[in-house]
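Asker: Structure incoming, see below.
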Amino acid sequence: MLNYIKEAIMAPSTRSSSCGKNNQSSTGKGLDKGNRDKERERELESSGKMQGYKITDNERTRKYGIGANSLEMLIRKALLKFPLQDLHIYLASDGFEVSDDEYFNSLPAQTLFIVAGPDAVITTDGDYEFEKMRQESPLLKVADIFYDFIEQHPDKFRRMIAQYEQQKQRHALDNTKAHLSLKVDHLEWFEGSEERFQSKEEAMAMRAQTRVRGYYYKTKEELTRNKLYRQNAKARQVINSALEQFRYLLIGCDYFSMMFNRKCQQKHEILQEHIDTEETDAAGVPNKRLRQLIKDYTTRHAILDEWSVSLCTDLGDFYCQGAYSDNGNCCSLQHTINPYASRENLILFQVWNLDHQIELCRSILPSLVANVEELVTYPQRKCTLHNKRVIDISVLEYFLEIFSLKNLKLVHIVCHDKVQRTNRSNGRLLCADCHEYRIVQELMDVETADTTS
């Protein structure tokens, strides 16, 4: 079911002794290259702070610890362990390719990377552990249905998943440790990629941040490779500014880490009925002081409070918000899960998706690009609300549609309808009198105030 990439390593050819001079010449060149490599390695090591990371191949046959302070250094050292012809670096947690130093430097020490070719189908930690557990646990035989029949027999798959969920409830999977929080009290929960955390809440908050960061880098990748961005300097400036503002807003809400954190006191409205019944990239990363100023500003002005909420109960129960075709936040199949309860549930939680109701690549980003193009092509265009000249795009609206629960629904994989939607982005062009424009500009002025103080 999982595709693996195999690399063939050709042994160096030998030459006859009659080519002595050529051998000496090539040896000398080899030594020169080796010296240049060592000199380059020393330059890299002295250029920044070293951190420890882990690398492995897609099949997990070998694992190594490597010290590096840049993506280039990591790749150079990884090639010594896995001499692939075209080596790429991927996150083991979600299979996301790491392609620039900005993203690389945002990752914590001891992050596990997978080295593989450019076209490899990455086996993430979740896939790898899920497959191992599926071989051992009859409860996880549903994985066979998922991989073999979901495309050909979606209706049958839905029925089987429903039967599995009912069986899981009947057998009452061990939830007696759901209330435990610290690593010392529930060691098996922290195996694998969670081993560096000391509490479940910290690990789940990081999982939420990872998903949101993925949306940021996806957005950045799609916008910067767009033809308008590459060919129009004014459009490039507007898009770069929007990406920077996205980054500041994400810092202000801590990349929506509270979505999966059960200790967050603000809860999503979907939980109310369940609670009632149950409980009767841009420039470098800003410095620590500036990050705190941004967070203080967004908190003080309640910019994102409405969407800075948790999706789970105090015990850690998550409820599916239903398919796109369903009306409202109700799941007709009543999917629920508590990833805090067990390692098995934590792995199963990875097949729960945050579903963009207004689609990211089919609606939001095309709308953003279209508005940028209109802004730079027709600078005298008037705002529809104030009849004044437009000067920017609605960054805050696009931000909420891409990253926040205003447009994201947490759904079980069975309820993730991958069909083209009819709803469209609400992004537009703004003038200086638009309230949304003033909010974002005041946030960006925090940096100016910090640098001049």
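Asker: Where residues in region 199-211 are under 12 Å from the mean Cα position of the chain (by Cα) and under 14 Å from Ser310 (Cα atoms), which of them is least open to solvent (accessible area, probe 1.4 Å)?
Answerer: The qualifying residue least open to solvent (accessible area, probe 1.4 Å) is Ala208.
Asker: Now for a different question. Counting only residues that are open to solvent by less than 10 Å² (accessible area, probe 1.4 Å) and assigned to a loop (DSSP other than H, G, I, E, B), which one in region 310-322 is modelled with the lowest pLDDT?
Answerer: Among those residues, the one meeting the criterion is Gly322.
Asker: Within region 372-380, identify whether any single residue is among the β-branched types (Val, Ile, Thr) and within 25 Å of the chain's Cα centre (by Cα), and answer yes or no.
Answerer: No, region 372-380 contains no residue that is among the β-branched types (Val, Ile, Thr) and within 25 Å of the chain's Cα centre (by Cα).
Asker: Another one. Which residues, taken from region 59-69, are part of a loop (DSSP other than H, G, I, E, B) and buried (at least 17 other Cβ atoms within 10 Å of the Cβ)?
Answerer: Matches in region 59-69: Asn69 only.
Asker: Mind listing just one residue for me: the one in region 235-259 that is in contact with a strand residue (DSSP E or B) (Cβ under 7 Å, 6 or more places away or on another chain) and under 23 Å from Leu180 (Cα atoms) and, of those, most open to solvent (accessible area, probe 1.4 Å)?
Answerer: Looking at residues that are in contact with a strand residue (DSSP E or B) (Cβ under 7 Å, 6 or more places away or on another chain) and under 23 Å from Leu180 (Cα atoms), I get Met258.
Asker: Run Leu80 past the list (1) surrounded by 19 or more Cβ atoms within 10 Å (Cβ to Cβ); (2) aliphatic (A, V, I, L, M); (3) farther than 18 Å from Tyr128 by Cβ and report the number of the one that doesn't hold.
Answerer: Here Leu80 meets the rest and fails (1).
Asker: Taking into account only those residues within region 335-352 that are touching a Ser or Thr at 6+ places or on another chain (Cβ under 9 Å) and not aliphatic (A, V, I, L, M), which is surrounded by the most Cβ atoms within 10 Å (Cβ to Cβ)?
Answerer: Tyr340
Asker: Also: Is one or more of the residues making up region 261-282 at pLDDT 85 or above, open to solvent by 50 Å² or more (accessible area, probe 1.4 Å) and under 21 Å from the mean Cα position of the chain (by Cα)?
Answerer: Looking through region 261-282, none of the residues is at pLDDT 85 or above, open to solvent by 50 Å² or more (accessible area, probe 1.4 Å) and under 21 Å from the mean Cα position of the chain (by Cα).
The values are calculated or read from the model by the stated rules, or taken from the named source; none is laboratory data. Small disclaimer: the values here were computed from a predicted structure and weren't measured. Backbone-built Cβ (ideal geometry, glycine too); neighbour counts: all protein chains shown. Surface accessibility is based on the protein's heavy atoms, side chains included, excluding ligands, DNA and RNA. Shrake-Rupley method; radii C 1.70, N 1.55, O 1.52, S 1.80 Å.
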